[in-house]
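*Asks:* Here's a structure for you.
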Amino acid sequence: MRKFNIRKVLDGLTAGSSSAAQPPPPAPPGSREPEIAETLQAEHFQLCKTVRHGFPYRPSALAFDPVQKILAVGTQLGALRLFGRPGVECHCQHDSEAAVIQLQFLVNEGALVSALADDTLHLWNLRQKRPAILHSLKFCRERVTFCHLPFQSKWLYVGTERGNIHIVNVEAFSLSGYVIMWNKAIELSSKSHPGPVVHISDNPMDEGKLLIGFESGIVVLWDLRSKKADYRYTYDEAIHSVAWHHEGKQFLCSHSDGTLTLWSVRSPSRPVQTIAPHGKQLKDGKKPEPCKPILKVEFKTTRSGEPFIILSGGLSYDTVGRRPCLTVMHGKSTAVLEMDYSIVDFLTLCETPYPSDFQDPYAVVVLLEQDLVLIDLAQNGYPIFENPYPLSIHESPVTCCEYFADCPADLVQELYSVGARQKRQGYSKKEWPINGGNWGLGAQVYPGIIITGHADGSVKFWDASATTLQVLYKLKTSKVFERPRARDERPSSDPADEDPFAIQMLAWCPEGRVLGVAGVAAHVVVYSFCGQEAAAQAPPMLEVRLFCEVNDEGSPECEQAPPLPTPVGASSPQPPPLQSHPSTSSSSSGGLRDSTPCLKVKTSSLKQPPGYQTELVVQLVWVGGEPPQQISSLALSSSLGLVTFGNCDGIVVVDYQQKAALLCLGMAELHGGSDPHRREPRSPRKSRQPSGAGLCDISEGPAAADDRCKSPTSAKMSRKLSLPTDLKPDLDTKDAAVSRSRSSSVTSLDRESREAISVLCFCESPPRRAEPAPAPCLWAGTTLGAVLVLGLGLPPAGEQRRLQPLTAAPSGPVLRLKGAVLSMAFLDAAGCLLPPVHQPWQEPSAPEEKEEEKSRKGRPVSVSPSTSQEMGESQYAVICSEKQAKVLALPAQSCAFHQTVAESSFVLRGDVVALGAGACLACFCANGHIMAFSLPSLRPLLDVRYLPLTNMRIARTFCFTNNGQALYLVSPTEIQRLTYSQEACENLQEMLGELFTPVETPEAPNRGFFKGLFGGGAQSLDREELFGEAASGKASRSLVQHIPGPGGTEGVKGAASGVAGELARARLALDERGQKLGELEERAAAMLASADSFSRHAHEMMLKYKDKKWYQF
């Protein structure tokens, strides 16, 4: 027998081996397959980001435009998220990626000012679909700590760490020469620095009075006109925030000892009242017991009732373990609202934007570390609003993600219908108050669905049609299992940890509505969709014993391979009986755990609500004290009624209709006599490997000793990431190793040569060269680049399908590629992508019809565009690995085309997708390149450096789909969608929503007769005269640096769209103005005619009574 050499490539990126059965060399150009006219060209491809969904990761700031009804959230990574009405969202990013410390809207002006931790201020233009920076201002000598922009003012007050206040003109983004120095604001006798500025606000009734709060506890009321301090208020506790009463006569301060002090403007000596919301009030005028700091307070008045005092923090120190709270004080009632996460910031939504009027608050927006909550203040009990934004992606850490574009049209509606029954009750009955902006109107609207798997075993379906994202349906896979025992009570050999139900991979047939879910506990659950509630029953369960320990230490160059080991499972005509309950634990003579699964399936009856209902639970069991290996690949077929999965031990094929295992083969049996590796049985207890790497990484910091989500199996097939040196410091230590799956494939120097199943695919193709007729087959790819085929034999449809067993036989290896096989797909003779053969879903209306439906399920439905004879004449198999892609001509199994995809890097994800009238191979590499190749010729069509691999989350979740769409998990809480289609990029501007809409600013509050007569209303200030260059001079050039922005445009298309929108609005405004001018002209003409008539009548009256005396009538 010929010798076979295993050659490991120690380049840090891949390891390959020579082929056992070398495929025939590519045919010369003259003898290749006939040329196929390919429709896709390079000009059909363009890469760009589309939208980002999810909760802003690590939020730090909050702002709200009360007229436009737009909410803005800033993050510690320099990102901005803008929210309008449901479906209107926008993501922006500062280039510096510095933390956003504060946001200020130019109310109803379509602009936003952001203050960053690197002491820069940025002015954002929101009047275009993709906001951009107009101006930037960099403070060179002082650190920015607080900003305040009064309503309907163009002058921004900027407080610094030194205690000074500078004033910025937001129109020109230039600094005024007017400066409030800290040493002039405080008492001259004071010997200490007051600390940084923590608050700035103007008096609601007098814009010329500025209230300045310093961290040390000093508050100063500054007169802008006279440039001196009117009053100084001193308290011996640090200040965190200040809030005005709308009349401008009182203000409220929150302090670090958990107290609130109410001050009268004209009584600076002592506070009018000291309040400890959560502290014990002591007698004899003593200060209350200290509590935690009150980080923020808001003081809002109502026209008919007591004012609202809303605060965060201030809890007593003895409340250990209590969750963060928001306190709402209204009159004599105090409500403490517990939150699930720490409070970052909150804002009160009021009926009027004018600070000098009664505020009448109606809601509170609370920004938490991982959630956004809106509380209804107008209803008793303060219920929360139902959040319409897709902010619950991270409700449990995402462990896997799949994207399906162009799904059946009725599927989204069906999922929405069953998902609507899962919604919680008790929400506020009012509509979501953040309702600014307008939806986009795009021509490319197609039904798309995103499926996310989570660490708690839940699976979520999301509607991803157009540029929106909305949760449709949630499936809890953990319901079929018993809750495992506490960790300290479990035996040490039990590998289950705190996330035993975590989802590892998904397989879904949208047309047949069958779902397969693989978990980290070496289990697979098959679900079928039903729109009606099914009878309660115990979950059907099947235990599979798959174990094939091999010794790779033997020489691979032996002349003759040893005899194959005893088969682990055989494809006998009679399938093994179904186990309806978990088998009892059995032990070998050594007391080792054996024949028991990692999780226990419930034996009690479970309700089957409408939606996805359990068909079968398949579990791999322990063998000889060794836990089952993690599942590395998963596939299902609704037409065949089969589900298959594999790992490093072998492959399992299960008939989920008959609830029986059809095939269970070890890797050596799968290869047959062509196996290039010497596989010798070894002791199950030899060289036990540690547990695998975690799947979920909600924390971006260094990994703890125990990973958040481990696999309960051995990590013999996990491989550490090896990247260029400049990328290694950015990698998360926790993500240094990743489990092998279809969605991620990573290579390293210490990769083991043990082979595992990396991809599985059901299809109808010629199983052998001698059999040209297409037949049901199962194609399998391995981590060592081998491609194998298994022929499947189906009984006739109908009752025989349910009773007669299926047959399966390995056909041996087809070819071998460099690197692990990642994906497979098939083309017809014309080069068109063949979709998977499926069984169309039908809703049974009665139990007897359901039985008939089951009998029909075995009949496969061919969706090929050609007949079986045509398909048998010529067919192509497209296979992509970590290093290369090949196209095989079937049934000859000859290599028609091949292409090296990655030389110095490796492919993380490769998918064959449909785009327009053609198909292409889309690849994402570890070096950040996104590439596309034509099919079947594999010509390069796209190669763009998009995103270098900096953490394993991207590798695990990146996926391509049809219509030029792709996505990945950009952070633990956010999904980034992108497109590589030129047509989609051109239509993107139309599909995006608009943030700014023309809205009239509400009228100012009426001052009333007496207030206007005696001067009791709000007093205005001519800030231009006070802060302009003529009055205050120019600021020092060394203090700030002005940085012009890109002019409010982001690309030519964004500019064109923005200009087009502005021109359309200007044209509409001109038309309206012309119409009004025409109406005014008509009115003027009518008034002129009326005046002439009045003049004529007056003249006639004068002539009539001209000569008459006073006594004549």
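*Asks:* Taking strands (runs of 3 or more DSSP E) that do not extend beyond the range 854-929, which have at least 1 residues that are surrounded by 24 or more Cβ atoms within 10 Å (Cβ to Cβ), of a type in the set (D, E) and at pLDDT below 95?
*Replies:* none
Okay, residues lined up against (1) farther than 24 Å from S312 by Cα; (2) in contact with a Leu (Cβ under 9 Å, 6 or more places away or on another chain); (3) at pLDDT 95 or above:
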site: M205; (1), (2), (3): yes, no, no
site: V219; (1), (2), (3): no, yes, yes
site: S226; (1), (2), (3): yes, no, no
site: Y235; (1), (2), (3): no, no, no
site: A243; (1), (2), (3): no, yes, yes
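*Asks:* Where residues in the range 438-457 are of a type outside the set (A, V, I, L, M, F, W, C) and closer than 19 Å to A522 by Cβ, which of them is most open to solvent (accessible area, probe 1.4 Å)?
*Replies:* Among them, the one singled out is D456.
*Asks:* Filter the range 69-97 down to the residues that are in contact with a Ser or Thr (Cβ under 7 Å, 6 or more places away or on another chain) and under 20 Å from D345 (Cα atoms), then identify the one that is surrounded by the most Cβ atoms within 10 Å (Cβ to Cβ).
*Replies:* It comes out as G74.
*Asks:* Cβ-Cβ distance below 7 Å, separation of 6 or more or different chains: which pairs start in the range 811-835 with a residue that is touching a residue at least 12 places away in the same chain (Cβ under 8 Å) and polar (S, T, N, Q) and end on one that is open to solvent by less than 10 Å² (accessible area, probe 1.4 Å) and assigned to a strand (DSSP E or B)?
*Replies:* What qualifies is S811/V789; S811/L790; S823/V759; S823/C880; S823/G910.
*Asks:* So, one more: Given the criterion in a loop (DSSP other than H, G, I, E, B) and under 13 Å from T301 (Cα atoms), identify the matching residue among T348, T352.
*Replies:* Step by step, each of T348, T352 is checked, and only T352 is in a loop (DSSP other than H, G, I, E, B) and under 13 Å from T301 (Cα atoms).
*Asks:* Let me ask something additional. Output yes when any residue across the range 598-605 is buried (at least 24 other Cβ atoms within 10 Å of the Cβ) and of a type in the set (G, A, S), and no when none is.
*Replies:* no
*Asks:* While we're looking at this one, here's another question. Regarding the range 265-279, can at least one residue be identified that is open to solvent by less than 30 Å² (accessible area, probe 1.4 Å), assigned to a strand (DSSP E or B) and not hydrophobic (A, V, I, L, M, F, W, C)?
*Replies:* Within the range 265-279, none of the residues are open to solvent by less than 30 Å² (accessible area, probe 1.4 Å), assigned to a strand (DSSP E or B) and not hydrophobic (A, V, I, L, M, F, W, C).
*Asks:* Is one or more of the residues making up the range 362-371 touching a residue at least 40 places away in the same chain (Cβ under 8 Å), closer than 22 Å to L260 by Cα and open to solvent by 20 Å² or more (accessible area, probe 1.4 Å)?
*Replies:* No, because not a single residue in the range 362-371 is touching a residue at least 40 places away in the same chain (Cβ under 8 Å), closer than 22 Å to L260 by Cα and open to solvent by 20 Å² or more (accessible area, probe 1.4 Å).
*Asks:* Turning to a different aspect of this structure: Does K423 meet the test of being of a type in the set (K, R), out of contact with any His (no Cβ under 6 Å at 6 or more places or on another chain) and open to solvent by less than 10 Å² (accessible area, probe 1.4 Å)?
*Replies:* Answer is no for this residue.
*Asks:* Going by what's in this entry, would E386 be described as touching a residue at least 24 places away in the same chain (Cβ under 8 Å) and part of a strand (DSSP E or B)?
*Replies:* Spelling it out, it is not the case that E386 is touching a residue at least 24 places away in the same chain (Cβ under 8 Å) and part of a strand (DSSP E or B).
*Asks:* Residues of the range 139-192 being within 39 Å of the chain's Cα centre (by Cα), among the acidic types (D, E) and within 24 Å of P268 (Cβ to Cβ), which ones?
*Replies:* Listed by number, the list is empty, since nothing qualifies.
*Asks:* Does any residue in the range 76-103 that is on the phi < 0 side of the Ramachandran plot come within less than 6 Å, Cβ to Cβ, of a residue that is open to solvent by 40 Å² or more (accessible area, probe 1.4 Å) and assigned to a strand (DSSP E or B) six or more places away or on a different chain, and which pairs are these?
*Replies:* Qualifying pairs under 6 Å: A79/Q93; R81/H91; F83/E89.
*Asks:* I would also like to ask the following. Can you tell me how many residues in the range 943-980 are among the aliphatic types (A, V, I, L, M), assigned to a strand (DSSP E or B) and open to solvent by 20 Å² or more (accessible area, probe 1.4 Å)?
*Replies:* Residues meeting the conditions: 2.
*Asks:* A919 is checked against (1) in contact (Cβ under 8 Å) with a residue 60 or more places away in the chain; (2) under 18 Å from T783 (Cα atoms) and fails just one. What number does that condition carry?
*Replies:* All conditions are met except number (2).
*Asks:* Go through (1) over 17 Å from V73 (Cα atoms); (2) at pLDDT 95 or above one by one and return the number of the condition L126 breaks.
*Replies:* Failing condition for L126: (1).
*Asks:* Restricted to the range 343-361, and to residues that are farther than 20 Å from I70 by Cβ and not charged (D, E, K, R), which residue is most open to solvent (accessible area, probe 1.4 Å)?
*Replies:* F358
*Asks:* Would you check if there is a residue in the range 464-475 being over 30 Å from C598 (Cβ atoms), free of Cβ contacts under 8 Å to residues at least 12 places away in the same chain and open to solvent by 30 Å² or more (accessible area, probe 1.4 Å)?
*Replies:* There is no residue in the range 464-475 that is over 30 Å from C598 (Cβ atoms), free of Cβ contacts under 8 Å to residues at least 12 places away in the same chain and open to solvent by 30 Å² or more (accessible area, probe 1.4 Å).
*Asks:* Could I ask something else about it? For the structure I just gave you, tell me whether A660 is surrounded by fewer than 23 Cβ atoms within 10 Å (Cβ to Cβ), at pLDDT 90 or above and under 40 Å from the mean Cα position of the chain (by Cα).
*Replies:* Here the answer is yes, as A660 does meet what is asked.
The values are calculated or read from the model by the stated rules, or taken from the named source; none is laboratory data. Model, not experiment: these values are computed from the prediction. No Cβ is skipped: glycine too gets one built from the backbone with ideal geometry, and neighbour counts run over all protein chains shown. Just so you know, the surface numbers come from the protein's heavy atoms only, side chains and all, with ligands and any DNA or RNA stripped out. Shrake-Rupley method; radii C 1.70, N 1.55, O 1.52, S 1.80 Å.
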